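Presented below is the structure to which this report refers.
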Amino acid sequence: QKLLTGANDMNQKLRSHPKERLIRKSSYPNDTNTSSFRKTMKKIAQKQQSQNMSELREWKARQMRERRRQMAIEKGEGASSHFELVLEGSKKAQEQNKEKTDAPFSEHENDESSPQDPLEEPTKANQTASPQSTPYSLEKESTKQPQLTYKVSRTENKVVPCILEQNGFSPSHSDATFNVYWCGSHLRAYLFKSLNVFQKVNHFPKSFELTRKSNMYRKYMEMKTQYPHAYDYLPRTWVLPKDYSDLTQILEKRRFNEWFIVKPASSSSGRGISLVNNVTELLEATGGGAARTSSPDEEYVCSDYVANPLLVNGFKFDLRLYVAVTSYNPLRIYLYEDGLVRFSAEKYSLDPLNRSNSFIHLTNYAINMNNDKFVFNTDEAEDGVGNKWSLHALRKYLRHEGIDDVQIFRRIEDVLIKSILTVESDQRSALRTFVPHPHTNCFELFGFDVLIDSDLKPWVMEINLSPSLSVGTPLDKKIKVSMLTDLFNMIDVRRYNPIKYRELRHQKKKITAHHLYQNEKLNENESKLVKGLHGEQRTVLIQTLKEDERKGDFKRIFPSKDSHLYGQLMTSYAGLNAMLYERLYGNSTNNIS
């Protein structure tokens, strides 16, 4: 209150004396040795010193708060044993977190039989392994360094920082000490190369090969050339300006009611999308066709318009599905069992007069929310009404209408897996080149946009590198916060001492994924599964088993009981992928899912 009063007094003074707002150049005396000049400079120095002291006090206060928070974590009052569904600092959630003991993210950190960890000092406390001791915790003399840290960049997403901070993480401003790095765009190669075995980033090196629309189609066509019957989930597509001459020939021969949809290759949220029926409209949509620059940033894709979508109460819709990839070697793909169903604001029509009406033909939330007819979700309990549903509500509706939703989603899982397989070989190569610890460093959350037609066939419309995580409605908040909570649990974030890690690197001692999982606590069934395996194979199987335990509402769709059917579409199925399938599904008595 005193600071506000002082600021108000100063504003009143400056308004009454405008010339005192700053020292103008014309007010400087010609002789810099005069007493008035010295007095002015002294006042400026005193003011700057006062500001510096104020900043120093604030910095010390922040350090003290952080030190107290770290001490609370060490006493078991901080980070919970797993990520909780907490958002916006609810009092109830904080009380629940305080009641939990400190068991950070992995079972073997509480395993009393675990031998000394390579990052711990050989202290008596560590040798006795008390219930609250953790192999990757910081020593008391290192409390200035946060125990669990995260970094977020190039995104306005507020949900990820909120979830992490409510679970004991602190923001990090360094590229060297974070535990989790969440970036809204592609990452530079140097950052991948600098990762240690404990650090995780939310992208793989070449994910843009799948998420940029033009690249997605090229990869799709490479596979379709080899396996024409397996790859049929994308409409016929042309990449402009490269395919402009071919497309113009098609347009000249098109039927009157044959439409095409044009999209910028790197846009999102429905920006720049047009429906065209002739060459003139194509030129208007792309800004000049063949005369345009061939820069990749200027690319467009043009596809056949799927004119027979499945309708719900007369409205067109598409699905936003959340797909997580935690490894490419071996391949592990997870589909979140809930998602969003996005409806157009106006009823569907193929009337040529309505071809330019985006509220009929597009389902993007960012577009339809601007229509007066759009019905917003105001209560997460009121699912299945309005212009945005949950996936569960849609499946309930389909069953009510006598439609086999199970068969539809089997087909959807099939096209999701095949989409990931188009970049599987490139990602394996990029991981070997850029990522020092390919089994632990990277994970990915894709946002798949899928359209179902009236024949119940799924079509992949887009794949988003950084799907929107905004929580503008209660339904968004419920689904996205739950999904992210399960995602962070699944990726297995571990504590570590960055100071000791640097010391080991200076001693040329390499810490790998094998060291993280060699002493993992296994149950009886897991011990049978890993029996006889060593090295990388044992590490990968244990990692898969533990990931399955933590997956929450994610469903592992690869590997699965039918994953051997995709072996011919893969370049590396005979290695770790085949080993996983044999161990998990080769013997029906050992199946875990």
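The values are calculated or read from the model by the stated rules, or taken from the named source; none is laboratory data. Nothing here was measured: the structure is a model prediction, and the numbers come from that model. Neighbour counts run over all protein chains shown; Cβ positions are idealised from the backbone, glycine included. These area figures cover heavy atoms from the full protein model, side chains too; ligands, DNA and RNA do not enter into them. Shrake-Rupley method; radii C 1.70, N 1.55, O 1.52, S 1.80 Å.
Descriptive notes on the structure:
- Sequence-distant residues sharing a close amide H with PHE558 (under 5 Å, placed H): ILE333
- Under-5 Å amide H pairs with SER327, H placed in peptide plane, nonlocal only: ARG332
- FRET efficiency for LEU504 and ASP175, using Cβ-Cβ distance with R0 set to 22 Å, rounded to 0.05: 0.70
- For the pair GLU252 and GLU156, label points projected 7 Å from Cα toward Cβ lie 4.5 nm apart.
- When the stretch 182-334 is described by a simple charge dipole with +1 on each Lys and Arg Cβ and -1 on each Asp and Glu Cβ, the residue from ILE261, TYR334, GLN226 located farthest towards its positive end is TYR334.
- D_trans [Stokes-Einstein, Kirkwood Rh over alpha-carbon pairs] for the stretch 492-563, 10 °C, 1.306 mPa s, µm² s⁻¹: 110 µm²/s
- Protection proxy ranking of 324-335, 227-238, 415-426, by the mean of other Cβ atoms within 10 Å over each peptide's residues and highest first, is 324-335, 415-426, 227-238.
- With a simple spin-label model that places each label point 7 Å from the Cα along the Cα-to-Cβ direction, the separation between SER527 and ASP562 comes to 3.6 nm.
- Peptide ranges 201-209, 264-272 listed from the most packed, as the mean C-beta count within 10 angstrom indicates: 201-209, 264-272
- Put simply, the stretch 417-460 fits an ellipsoid with semi-axes of 31, 11, 6 Å; these come from the alpha carbon gyration tensor as the roots of five times its eigenvalues, largest first.
- Assigned charges on the beta-carbon of Lys, Arg, Asp, Glu; the stretch 368-475 dipole about Cα centre (debye): 300 debye
- Shape category assigned to the stretch 341-476 from the gyration tensor of Cα positions, a/c cut at 1.5: prolate
- Carbon-plus-sulfur accessible fraction, the stretch 211-271 (probe radius 1.4 Å, protein heavy atoms only): 49%.
- Per residue, in Å², the accessible surface of the stretch 441-593 once ligands and nucleic acids are set aside, probe 1.4 Å: 41 Å²
- Tensor-based shape of the stretch 225-361 (alpha-carbon gyration tensor, a/c under 1.5 rounded, otherwise prolate or oblate): oblate
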